[in-house]
1. Inside the range 1-42, can you point out the residues that are in a loop (DSSP other than H, G, I, E, B) and farther than 30 Å from Thr200 by Cα?
2. Can you go through Thr153, Thr71 and tell me which one is farther than 14 Å from Gly182 by Cα and in contact with a helix residue (DSSP H, G or I) (Cβ under 8 Å, 6 or more places away or on another chain)?
3. Among the residues of the range 94-111, count how many are more than 17 Å from Val53 (Cα to Cα) and in contact (Cβ under 8 Å) with a residue 60 or more places away in the chain.
4. Please determine, by comparing only the residues of the range 182-223 that are of a type in the set (Ser, Thr, Tyr) and assigned to a helix (DSSP H, G or I), which one is surrounded by the fewest Cβ atoms within 10 Å (Cβ to Cβ).
5. From the list Val67, Val49, which residue is surrounded by fewer than 20 Cβ atoms within 10 Å (Cβ to Cβ), outside any helix (DSSP H, G or I), among the aliphatic types (A, V, I, L, M) and within 15 Å of the chain's Cα centre (by Cα)?
Amino acid sequence: MEGLNEWLGALRSFTRTPEAARAFQDLRFRFAHTLGNELIRPRDGITHVRGPVLYGIYLDRIGPLYVGQTTEAERRLRDLPIGESHHLANTFPPEVWDRIVVIPWKRALSTNPQASQALARISLQHDDRLIGLELEHLLHRHETPLFSLRRKTTQGGWRPVDPARSKSAGALIASSLQPIWGYIQSEWKTLATVSSPGVTYVGTGGWAVFPPVIRRQVFETSA
């Protein structure tokens, strides 16, 4: 409880007056806004981050916290740390995130001839949303992110979730993605384990953004 009391005491100090509360809000939004913009910033060969992506959030010393997918990368990634439509930031604030992995999987697979051909065959049967759900399920099984291992109950408790026993649409047909899964898994592992070179590491198939670097920059500027 000592840590909880320290946390509550700090929050109270940040909200002790209307001026302090606005300054606290400004600082947190500046950090979240900067992080969100970094997630969708144009990079080599990418002028606009849009379309389907896989993304994952990691905590220092704990590992994978959350894995998700979207077909609207620009909207979803930018909002991820702000939390206006994404629930994760309401439970685990972005100030504690260690890295965010992003793979625009259609573009990533297009850089590998064999994977690109396999994707073309798979796309005849499944649309982008379903493929994204399938890849998300495979990542859940492989990464076992902390946030997804249990669900709230209406009684105010929790129930465990086993990704291997999922009956979701993605889980039921995920085996059809084996021709491309190995490539995605390899790219993900690289981005999830690479040491921080600064704000962002750009790999062959995606990038990793490091919130602690942005946090230090924003907070030191505001000190």
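1. Just the residues of the range 1-42 that are in a loop (DSSP other than H, G, I, E, B), to begin with: 1, 15-17, 40-42.
Scanning the range 1-42 gives Met1, Thr15, Arg16, Thr17.
2. The unique qualifying residue is Thr71.
3. Selection size over the range 94-111: 4.
4. Filtering the range 182-223 for residues that are of a type in the set (Ser, Thr, Tyr) and assigned to a helix (DSSP H, G or I), the one surrounded by the fewest Cβ atoms within 10 Å (Cβ to Cβ) comes out as Thr221.
5. That would be Val49, the only listed residue that is surrounded by fewer than 20 Cβ atoms within 10 Å (Cβ to Cβ), outside any helix (DSSP H, G or I), among the aliphatic types (A, V, I, L, M) and within 15 Å of the chain's Cα centre (by Cα).
Rundown of residues vs (1) modelled with pLDDT under 95; (2) closer than 22 Å to Arg78 by Cα, yes/no style:
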position	(1), (2)
Glu6	yes, no
Thr15	yes, no
Ala20	yes, no
Arg43	yes, yes
Gly56	no, yes
Arg61	yes, no
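The values are calculated or read from the model by the stated rules, or taken from the named source; none is laboratory data. Just so we're clear, the structure is a prediction, and the values are computed from it rather than from any experiment. Methodologically, a virtual Cβ is constructed for each residue, glycine included, from the backbone with ideal geometry; neighbour enumeration extends over all protein chains shown.
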